[in-house]
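Derivation of every value follows stated rules applied to the coordinates shown; laboratory data play no part. Here the structure is a predicted model, which is why all the values come from computation and not from measurement. Because the Cβ atoms are built from the backbone with ideal geometry, glycine has one as well, and the counts that use them run over all protein chains shown.
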Amino acid sequence: MFSDLPILPALVAIPLIGALFLAFVSRLTQADGRDQMERNAPRTALLVSLIVLLLSVVLVIDFDASNPGFQFVDEAPWLGGGIDFRMGVDGISVLFILLTAFLTPLCILASEISIKERKTDYMIAFLLLESLMIGVFCALDLVLFYIFFEAVLIPMFLIIGVWGGANRIYASYKFFLYTLLGSVLMLAAILWLYAQSGVQFADATTDMRALKNLDIPGNVQTWLWLAFFASFAVKMPMWPVHTWLPDAHVQAPTAGSVILAGILLKLGGYGFLRFSLPYFPDASVQFAPLIFTLSVIAIIYTSLVAYRQTDMKKLIAYSSVAHMGFVTMGIFAFNMQGIQGGLFQMISHGLVSGALFFCVGVVYDRMHTRDIAFYGGLVKRMPIFAAFFLLFTMANVGLPGTSGFVGEILTMIGAYQVSPWVAAGAALGMILSAMYALHLYRETIFGEQVNEKLDVITDVTGREWLILGLLAFFTILLGVYPALVTDVTAASVEQLISEFQAATAVPVEAPELAPELAGVN
Amino acid sequence: MLYQTIVFAPLIGAIIAGLAGTRFGGARLPEKASMIVTTGLLFLSAILSWVAFARIGFGDAPDTTITLMRWMDIGGLKADWALKIDTLTAVMLIVVNTVSALVHLYSWGYMEDDAYKPRFFAYLSLFTFAMLMLVTSDNFIQLFFGWEGVGLASYLLIGYYYKKPSANAAAIKAFVTNRVGDVGLALGIMTIFLVFGSVEFDVVFAAIAENSDRRLDFLGLDVNAIELIAMLLFIGAMGKSAQFVLHVWLPDAMEGPTPVSALIHAATMVTAGVFLVCRAFPIYEVAPITSGFITIVGAFTAFFAATVGLVQNDIKRVIAYSTCSQLGYMFFAAGVGAYNAAMFHLFTHAFFKALLFLGAGSVIHALHHEQDMRKMGGIWRKVPWTYAGMIIGTLALTGIGMPLLGWGFAGFFSKDAIIEAAYAVGAGGGNNAAVFAFWMGLIAAFMTSFYSWRLIFMTFHGRYRSDHHTFEHAHESPWSMRVPLIVLSIGAIFAGAIFYKSFMYGYGGFWHGALPIEGGAEHAMAPTNLYAAAEGYESAGEDHGGGHHFPLWVLFSPLVVSALGFVLAFFMYRNGGTERRIAHAAETGGSPIYQFLLNKWYIDELYDVTIVRGARWLGDVFWKVIDVGIIDRFGPNGVAAFTAGASRRLSRLQSGKVFHYAFVMLIGVSILIVIGLRGFGG
């Protein structure tokens, strides 16, 4: 019913307008109105983000899941030369918008208490972040996509750099360096695609839908694939370009970690699905073994590293890398179970790791340390927190009945059909995740409370109850009834796979590709 | 609605007790209310389970599958939330719900002084629900849900005394060891989907014949697909049912409260592996190699666990090793194709082993949480009900009964059926695993009798060996604990005699297809002449492939070795023998063999040195050497050091403020885009 309204531009614009409004009012506020400003800014931001949430719920309800193509498409002239403003969503992107719109209000709620200084600026940064994140998932123009994709890092840098921990400069610098390398290479690839479209099509274009039809020779595909891969692998992050993530998480404020883990890590996986597979199918097939290897290394290696961490956030950060390993493994299995599982795992990880970072935030706000050894015996004074933390720990471990299980088992089933080796390696992650997650739980929640500083610790507040309760509800709901997600994504994923198979089916004019294909199909 | 009520009543109880009872969310139910709700719902489930069992096994209620809801439906991978009800499930329903209901009741007394009763009862009910989902699943994925769900409940209940480091360690050990098995199960499920394109029992089992020669490449090995599936599923079963190599968690699980040990670590959860093999019997019937492997693992576990049980001093650990050993019996029964004998032993074992655990709990309760048998003795007059229950449980476990008369305690029927099945298959020739199993089973039966009677003598007879204060205050347990003992005693006495015909011969169409009556090997399941002679089932024997004629020594040997075990225990531990032995062990440390057994063959130590420390070491290497030492050093830090030096000379950009980086990046990106686009497009 709303499909004729420009709902996607609205979703991007509303938080942006909110941010500008806050910035404007903040400028006008005199010194004596500062306190009031600081009080009201979070509420304004919350209101704005709730409007976005409402609108994105409308979007998903209105979304026609049986249509595999792009919907709510909006186009307008923009830079010229085939570079236009294009937005639209399909089954692959629409749920990420909902996830973003769902996590942002929770982050704002949590930050209202935990952020003490420069709240207004913080809220501005957050609304800006929301706008850009939604933009990434809406963009149908490659240039527009690229701008969102890179610009989204700026508010994130600010959130870490201004409101982060003691070592925040190092963390954001590391983050920056890694992403810079990937960005430059991806930009070069985008420019090549644009140039090539001018050669092959009547008019040059950066329309993401049209670029799929480019005929790219095999060796060029290889280079372009690698250029995109450089960017997505860092975002994912995949081993061995993952070392920025633990530092960024440790230094980021709670809500920053939630968004980083919940949404920003998904940009890599989204990019693989949106570009690598449809644009460079032959190269994707060619590099699938590489991805599988890196995925399995990520799962085993980072799980073992997580097991040895002494900082709660670092432990969860490393476990995120392992969980993203399941995503890449599933996507490059090129079958329904694998890709659906990868998508599901991304959504689920957004909820679960977000929730885990909120949990760390709960105790950090009270004790100002994330040192695992500081805690112990929390269940006595924080029984409700302990129950929530248990649920999310179990979801992280992939216990059936929680959303964590569905993604893991689907990606493994998908990968198994291609290579039992890969699935068996990933399955080891089932053991290792239990080791580190239960280790963390035991050291913080169980045991005798020996640290008397914990005598004053209190159980979750109403606000925290609400945040964790909502996340818990969806963690279980998606675990019991994953069709809520998979039904929405199914049609688009099916089309992606059928196009992929058509593109990689032994082409008459390029018989030299045949042996590689035989190995995969 | 009958079946839905049976399965979901415990879940409702768990939710009520877990949310309202623990002040989760504000409102708080009185403690008693939580206990009444959970226990009441469990008794409802238990009674309805018997109704269902009677209708399915003895009435004419048809097997049925109730689909509750779609779960996964992705590109041909279809798994529903469903309740599959057949005789196999019905047997599990009564076992799970009966023991669970009695354990709920028992916990009223046993957990009387506990501060968190609603939490405890919520966990118990949650466990029951997960177990029910496991046994009612109609596909492998829901089975996996129940499988891991009971693992979670087990983790929570082992670590229930959360302040004790040993309890926490045991809880994690149980969960992680089970996960090792679960990897096998998960890979098995993946292989099933690869081979059959489905994970639903009915579809898979129907397509076995046409896939029986299919070969797969698994990790570089060219293997038969069905054998591979059978083996992977069995690895899962080994974890859950504590079979040798993956058994290490079960004795440590005794850190949990005793009612938990009775319910989860004796009667129900640990038997899930046996259930899995029986449920998937169409797979195992065409997987002779794996079946042989199961036979050997089961038989060896029966033997191994019994040897360790001989020398343990903790009353619960003795029974835990006994459980491990009895599970071995069930597995080798399944391995030789006697699935119904395995299920029959699972059924009777649930009664007498829960009885033994609850009896032990009653002793522990009476002696103020003393579990060391060296500090017990002579208390039988103080706890006569408990003593009687323990004696009945021991008679059932050791398989006392009269061959050729068809009379005996529950274990007599089921254990002898297993040993005879192994003998029959072995005597049939060509199956050395079965011969091995027969002898191991016989030797283990001797040791079972010895350690069981040793437990009785050390606990109840002789002189009391600890402080007088405790002895004087020793008291019989309250009725809430006595009633479960009485009910289970009835089961331990009669369950074998009453249900023997049904389980073993499928009388009255008991199984109707849920399990094969004759087993994989031809004569294994034919009625033995021992019972046939006693109860006049000659014709039944002929109906089912002709009665196998066992030599008399086979029929009598289990009873004889049991008697020998009793006699040996009597002479070693009566008339001051216990005191002498304790003193001797304290002085000299005992013989090397004693030390070897006392330390459980040093398997825990072996795992600690290799696996546990290995994982820590690897984690440290990956983190400190590779991540920090190589990737960071030559990656971002190297670049950072380089650019920091360069930019300080070139400009003032390196002001240390991240904002500047962001700003520079934005400008850079914009310039690149503009140049690039103008260059190509313009």
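Assorted remarks:
- Distance histogram in 5 Å bins (all Cα pairs of region B:237-301, percent per bin): 4, 17, 24, 23, 15, 9, 5, 2, 0
- Dipole in debye (nearest 20) - region B:233-328, about Cα centre, beta carbon charges: Lys, Arg +1; Asp, Glu -1: 80 debye
- Region B:288-394 shape via C-alpha gyration tensor axes, a/c threshold 1.5: prolate
- Packing rank of B:258-266, A:66-74, where each peptide gets the mean count of other beta carbons within 10 Å, highest leading: B:258-266, A:66-74
- Chain lengthening between B:ILE611 and B:ALA206 when straightened (0.36 nm per residue, less Cα-Cα): 141.8 nm
- Orientation-averaged projection of region B:152-193 equals 2.8 nm² [convex hull of Cα atoms, one quarter of hull surface area].
- Available extension along the chain between B:ASP604 and B:HIS469 is 44.9 nm, counting 0.36 nm per residue and deducting the alpha carbon span.
- Peptides B:505-511, B:133-139, B:591-597, A:419-425 ranked from most to least packed give B:133-139, A:419-425, B:505-511, B:591-597, packing being the mean of other C-beta atoms within 10 angstrom over each peptide's residues.
- Here, the protein assembly as shown is characterised by an Rg to Rh ratio of 1.01, where Rg is the alpha-carbon radius of gyration and Rh the Kirkwood radius.
- Largest first, the three principal axis extents of the alpha carbons in region B:352-394 are 24, 19, 15 Å in whole numbers.
- Full-extension gain in nm, B:ILE490 to B:TRP439, via 0.36 nm per residue minus C-alpha separation: 15.3 nm
- Calculated FRET efficiency for the pair B:PHE634/A:GLN501, C-beta based, R₀ 56 Å, to 0.05: 0.90
- When every Cα-Cα distance of region B:17-155 is counted in 10 angstrom steps from zero, the calculated P(r) takes the values 12, 34, 32, 18, 4, 0 percent.
- Across region B:371-476, the mean sequence separation of Cα contacts (distance under 8 Å, 6 or more residues apart), normalised by length, yields a relative contact order of 45 percent.
- With the convex hull drawn around the C-alpha atoms of region B:27-76, the volume per residue stands at 124 Å³.
- The smallest convex shape that holds all Cα atoms of region A:1-144, its convex hull, gives 113 Å³ per residue.
- Quarter of Cα convex hull surface for chain A, i.e. mean projection, nm²: 23.5 nm²
- Partner aspartates and glutamates whose Cα lies under 16 Å from the Cα of B:LYS32, excluding those fewer than 8 positions away in the same chain, are identified as B:GLU112, B:ASP113, B:ASP114.
- Reciprocal mean inverse distance between Cα atoms of chain B - Kirkwood radius, Å: 26.9 Å
- The percentage of C-alpha pairs in region A:247-332 whose separation is greater than 18 Å is 49%.
- Unit Cα scatterers, Debye sum, region B:80-170: log10 I(q)/I(0) for q = 0.13, 0.17 Å⁻¹: -0.50, -0.78
- For region A:381-514, the Cα gyration tensor yields ellipsoid semi-axes of 43, 19, 10 Å (square root of five times each eigenvalue, largest first, whole Å).
- Sequence-separation-based contact order of region A:226-362, relative, with Cα cut under 8 Å and 6+ spacing, percent: 31 percent
- Fraction of alpha-carbon pairs over 18 Å apart in region B:145-302 - percent: 58 percent
- Spin-label model distance (nm) - A:ALA202 vs A:GLU448, 7 Å beyond Cα toward Cβ: 8.2 nm
- Its convex hull of Cα atoms gives region A:56-106 a direction-averaged projected area, equal to a quarter of the hull surface, of 4.4 nm².
- The eigenvalues of the Cα gyration tensor, multiplied by 5 and square-rooted, give region B:594-639 an equivalent ellipsoid with semi-axes of 41, 5, 4 Å from largest to smallest.
- Residue-averaged [θ]222 nm for chain B, counting only DSSP H segments that reach four residues, each worth -39500 (n - 2.57): -21500 deg cm²/dmol
- Relative contact order [Cα under 8 Å, 6+ residues apart], chain B, whole percent: 12 percent
- Peptide-level mean, for B:618-631, of C-beta atoms on other protein chains within 10 Å: 5
- Of interest is the spacing of the C-alpha centroids, which for region B:146-166 and region B:229-303 amounts to 19 Å.
- Pairs of Cα atoms farther than 14 Å apart, region B:177-264, %: 68 percent
- Pairs from B:LYS316/B:LYS382; A:LYS235/B:LYS78; A:LYS235/A:LYS313 whose Cα-Cα separation, in the structure shown, is over 29 Å: A:LYS235/B:LYS78
- Inter-chain neighbour count for A:391-404: the average number of beta-carbon atoms from partner chains within 10 Å of each residue's beta-carbon is 3.
- B:LEU618/B:LYS164 FRET efficiency (R0 30 Å; Cβ-Cβ; nearest 0.05): 0.55
- Neighbouring Cβ atoms from other chains, within 10 Å of the Cβ of residues in B:145-156, number 3 on average.
- The alpha carbon convex hull volume per residue for region A:272-390 rounds to 106 Å³.
- The mean of 1/r over all distinct Cα pairs in region A:203-358, once inverted, gives the Kirkwood hydrodynamic radius of 15.9 Å.
- Looking at region A:96-201, the GluC sites (Glu not before Pro) that sit in a DSSP loop and have at most 12 other Cβ atoms within 10 Å of their own Cβ are A:GLU117.
- Approximate shape of region B:185-228 as ellipsoid semi-axes (Cα gyration tensor, √5λ), whole Å, largest first: 17, 13, 7
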